[in-house]
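Everything on this sheet refers to the single structure shown next.
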Amino acid sequence: MTRPVVVDIHTHVYPPTYMAMLRSRKTVPYIHDPSDNGTPRLIILSSDDDPAIPIDQRGRPVDSSYSDISVKLDFMRKHGIDCSVISLANPWLDFVLPSEASDWAKLINDDLNSTCAQVNKMADPENNLLLVEKASLFAFGALPLSAPAPDVVQEIFRIRGLSHLRGVIMGTSGLGSGLDDPNLDPIWAALEATQLLLFLHPHYGLPDEAFGGPETTARYGHVLPLALGFPLETTIAVTRMLLSGVFDRFPRMRVLLAHSGGTIPFLAGRIESCIMHERKFEENGGDTPGPKRSIWEVLQTNIYLDAVVYGQAGLKAAIESGSTDRLLFGTDHPFFPPLNDHDGQWMSVTTNFNAIYASLKDAPASAEAIVGDNAVRILNLEEK
Ligand code: 5CU
């Protein structure tokens, strides 16, 4: 029996140039090197930068797994991953000065492209330098979203010409006003025209007040912002896109949602029902245009979901809301490393594998599709 192809479409990097930029900063996001030469700390979420916490303990450790591609390749080998589609991790280039954003995007995207090309060349069995067995890399590019929309559009078309880039990664703030901002239309049009996949990923979560205030958030570390804030941020962002008619105006746009769509698969019926009962919308006698296409249609034509949901209940909702053909395996490496056994398999990864195989024990071909074949098809991952 041959092993299925395994593709990881949710796996992040902070290239060394980006790490250096974070090191030069003193406000979130920034990297702090502890005075005892311990592992550098990434102060990434606004709740991390709490003056009550000693600076050497703020944020989270960032070791070489975040920036050294050979560490990612080791991780891939250890978990049987044949191919990874790497992307810049949050908060991408959202905070960069508008005048510098396009240069940063070019630098990062060219860097990602050449890293993939170099690794894939090493993996080529005809090449004598067979350093990495079978592993191959592709990437999602970063966008200069603090720059004016035409600069973002220009970078999207440049990304299309980069041999190993297959899409773009983006947060939920868009140009600063969320994803229902009509000023994003030229960007949606460029993504639709190029058919680059938009990987939509959260970063900002919810305000601390949603969790009981900053003290409550701080008491439980990253649990509330990551477990709840991230998925709800995605859910709100996509619902705003739907409500504002983005998917009506750009019916061929392709969007991959992180963390199995936040809570979209679970809440889709409720969202649709609220739309059907909203008197404001023209369709229901009001004067505001409502969405024309149903959330179910959008889930089955525009949206793809990763399978990074850590359990069968969430995964089954994701399957039910779209189809097994639209789900793609991911690991979220290097986030969620094991806290103790650093040499073993990562629980965050095996949990996702297990949820896929257990949910589809009667449909092994569908499980294999999620684990790799879908990504190869949807992202055209053959090395030219
Ligand atoms: O859960 C995740 O995807 C992440 C991520 O990508 N970045 C981060 O800072 N924490 C968790």
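The values are calculated or read from the model by the stated rules, or taken from the named source; none is laboratory data. These figures come from a predicted structure and were not determined experimentally. Counting neighbours? That spans all protein chains shown, and the Cβs are built from the backbone with ideal geometry, glycine included.
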With respect to the numbered conditions (1) more than 16 Å from the ligand (Cβ to nearest atom); (2) part of a helix (DSSP H, G or I), which one is the sole condition not fulfilled by ARG3?
(2)
Counting just the residues of segment 87-107 that are assigned to a helix (DSSP H, G or I) and surrounded by fewer than 23 Cβ atoms within 10 Å (Cβ to Cβ), which one comes out nearest to the ligand (Cβ to nearest atom)?
TRP104
Here is a check on your reading of the model: is GLY286 among the small types (Gly, Ala, Ser), within 16 Å of the ligand (Cβ to nearest atom), at negative phi and in a loop (DSSP other than H, G, I, E, B)?
no
Is it true that some residue in segment 318-334 is away from the ligand (no atom under 16 Å from the Cβ), at pLDDT below 95 and buried (at least 22 other Cβ atoms within 10 Å of the Cβ)?
yes
Here the residues within segment 6-19 that are in contact with a strand residue (DSSP E or B) (Cβ under 9 Å, 6 or more places away or on another chain) and away from the ligand (no atom under 16 Å from the Cβ) are VAL6, VAL7
Go through segment 31-51 and count every residue that is free of Cβ contacts under 8 Å to residues at least 12 places away in the same chain and within 24 Å of LEU224 (Cβ to Cβ).
1
When you go through (1) in contact with a Phe, Trp or Tyr (Cβ under 7 Å, 6 or more places away or on another chain); (2) among the polar types (S, T, N, Q); (3) assigned to a helix (DSSP H, G or I) one by one for SER47, which number turns out not to apply?
(1)
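To keep it simple, each residue is scored yes or no on (1) closer than 28 Å to VAL255 by Cα; (2) outside any loop (DSSP other than H, G, I, E, B); (3) of a type in the set (Phe, Trp, Tyr); (4) modelled with pLDDT of 95 or more.
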{"position": "HIS12", "(1), (2), (3), (4)": "yes, yes, no, yes"}
{"position": "PRO34", "(1), (2), (3), (4)": "no, no, no, no"}
{"position": "GLY38", "(1), (2), (3), (4)": "no, no, no, no"}
{"position": "PRO51", "(1), (2), (3), (4)": "no, no, no, no"}
{"position": "LYS72", "(1), (2), (3), (4)": "yes, yes, no, yes"}
{"position": "ARG77", "(1), (2), (3), (4)": "no, yes, no, no"}
{"position": "VAL85", "(1), (2), (3), (4)": "yes, yes, no, yes"}
Tell me, yes or no, whether segment 27-35 has at least one residue that is within 25 Å of PRO202 (Cβ to Cβ) and either under 18 Å from the mean Cα position of the chain (by Cα) or small (Gly, Ala, Ser) (or both).
yes
ILE187 meets each of (1) assigned to a helix (DSSP H, G or I); (2) within 16 Å of the ligand (Cβ to nearest atom) with one exception, condition (2)
With at negative phi and either small (Gly, Ala, Ser) or within 16 Å of the ligand (Cβ to nearest atom) (or both) as the only criterion, which of ASP63, ASP68, ASP33 stands out?
ASP63
Top-ranked residue of segment 204-263 - restricted to ones that are within 16 Å of the ligand (Cβ to nearest atom), among the hydroxyl-bearing types (Ser, Thr, Tyr) and more than 30 Å from ARG279 (Cα to Cα), ranked as surrounded by the fewest Cβ atoms within 10 Å (Cβ to Cβ):
TYR220
